[in-house]
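Structure first, commentary second.
The values are calculated or read from the model by the stated rules, or taken from the named source; none is laboratory data. Just so it is clear, the model here is predicted, and its values are computed rather than measured. As a convention, Cβ positions derive from the backbone with ideal geometry for all residues, glycine included, and neighbour counts pool all protein chains shown.
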Amino acid sequence: MDAAVRTVMGLTARQTGGPYPPPVTGSPLPYTRPAMANRAFDWLAQAERDLQHAENSRRAGEHEWACFASHQAAEKAVKALHLHLGQEAWGHLIARLIRELPIAVPEELVQKGMVLDTFYVPARYPNSHPEGAPFEHYGPLQSEEGIGHAREIVAFVRSQMA
């Protein structure tokens, strides 16, 4: 390997003790993370797409998938709003994500998020139920409720990001 390849930011591997430059004195990291583009509208667009998937699944009689997609639509919408407001958001509990928003949110939306949170795991995994596959535990009532709740949360987020 020639010297140009071994040189990193003007220092050779021998000077740095390895192939990377030394960390900046007093800094825990050798670099500053570059600013990321705000992807809030990408998250909202995917939330809208997930809501459409929920509606398609309901029409197809795949109510467990309609319930899960409703959860995903609401989760991604709330994460979009967090990003729009300059915050990062982690986790999958919609009610918690709503409560952590730095703006006033109607308590009713928190409650609807709590309903949607019950669809995150059980709608997909058989061991979430005492017996039967998830599709045996979800019907039109659950999928219509989930889609309605997700639609309200997505609409709230859209209005806040307008």
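Things worth noting here:
- Which numbered condition Gln72 misses (of (1) modelled with pLDDT of 95 or more; (2) not in a helix (DSSP H, G or I)): (2)
- Selection of region 67-114 for residues being of a type in the set (S, T, N, Q) and under 25 Å from Ser57 (Cβ atoms) yields Ser70, Gln72, Gln111.
Each row is one residue, and each column tells you yes or no for (1) on the phi > 0 side of the Ramachandran plot; (2) surrounded by 14 or more Cβ atoms within 10 Å (Cβ to Cβ); (3) assigned by TED's automatic domain parsing to the domain that holds Leu44; (4) not in a loop (DSSP other than H, G, I, E, B).
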position	(1), (2), (3), (4)
Leu83	no, yes, yes, yes
Ala89	no, yes, yes, no
Pro102	no, no, yes, no
Glu108	no, no, yes, yes
Leu116	no, yes, yes, yes
Ile147	no, yes, yes, yes
Val154	no, yes, yes, yes
